[in-house]
Amino acid sequence: MSDGVETQTVYDRIGGAVAIDRLVEEFYARMDRLPEAQDIRRLHAPDLGPLKVDLKRYLSEWTGGPKLYSPEKGHPRMRQRHMHIPIGNAERDAWLLCMRGALDTTVADAVARDEVFGAMAKLADWMRNMAGNPHDTAGHAARP
């Protein structure tokens, strides 16, 4: 077994459960207070408690930590789980604004922070589910 940095998970690099907890709390605090996030905040229930628990469990597993999400919820299927919520560019951007700020204030390792944000940005882009999104039409265009 190697103790090298290259074997550490992102979960370990960002600070484990404590960091995930702080990240999620800061993320939702930003959603509550940033004017740019008003519209996405309205898409959530007034009580964010259950969502915080789910996001903490998901991020733990997603970053390579303990599998806390899938044993209870099954495969994440994040886009499918969010299809009842209209997510376009504005919603994606507001979500990413909150997450970027939360990462910047809670994760000290800049490389890990950027790695997590890059992966989250790809996921957030994929989550868009409104008509006309390029990821839904790519490869489906009429061929000459």
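Residues are listed down the side, and each one gets a yes or a no for (1) at pLDDT below 95; (2) touching a Lys or Arg at 6+ places or on another chain (Cβ under 7 Å); (3) part of a helix (DSSP H, G or I); (4) within 22 Å of A94 (Cβ to Cβ):
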{"position": "Y28", "(1), (2), (3), (4)": "no, yes, yes, yes"}
{"position": "D32", "(1), (2), (3), (4)": "no, yes, yes, yes"}
{"position": "Q38", "(1), (2), (3), (4)": "no, no, yes, yes"}
{"position": "H44", "(1), (2), (3), (4)": "yes, no, no, yes"}
{"position": "P50", "(1), (2), (3), (4)": "yes, no, yes, yes"}
{"position": "D54", "(1), (2), (3), (4)": "yes, no, yes, yes"}
{"position": "R57", "(1), (2), (3), (4)": "yes, no, yes, no"}
{"position": "L68", "(1), (2), (3), (4)": "yes, yes, no, no"}
For A138, all conditions in the list (1) at pLDDT below 70; (2) surrounded by 14 or more Cβ atoms within 10 Å (Cβ to Cβ) hold save one; what is the number of the exception? (2)
Only one of R79, R100 is outside any loop (DSSP other than H, G, I, E, B) and at pLDDT 95 or above, namely R100
State yes or no: is D54 farther than 20 Å from D104 by Cα and exposed (fewer than 13 other Cβ atoms within 10 Å of the Cβ)? no
Checked pairs for the range 26-44, first more than 16 Å from L59 (Cβ to Cβ), second open to solvent by less than 40 Å² (accessible area, probe 1.4 Å), C-beta under 6 Å and 6 or more apart or across chains, list as E36/A94; A37/M31; A37/A94; A37/C98; I40/A94; R41/M31; L43/I85
So the check is Cβ under 9 Å with 6+ separation or different chains; which pairs have a first residue in the range 85-112 that's touching a residue at least 12 places away in the same chain (Cβ under 8 Å) and a second one that's of a type in the set (K, R) and open to solvent by 70 Å² or more (accessible area, probe 1.4 Å)? A102/R22; T105/R22; T106/R22; V107/R22
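The values are calculated or read from the model by the stated rules, or taken from the named source; none is laboratory data. Everything numeric in this text was worked out from a predicted model, so none of it was measured. Cβ coordinates were reconstructed from backbone atoms using ideal geometry, including for glycine residues, and neighbour counts include every protein chain displayed. The accessibility values were calculated without ligands, DNA or RNA, using every heavy atom of the protein model including side chains. Shrake-Rupley method; radii C 1.70, N 1.55, O 1.52, S 1.80 Å.
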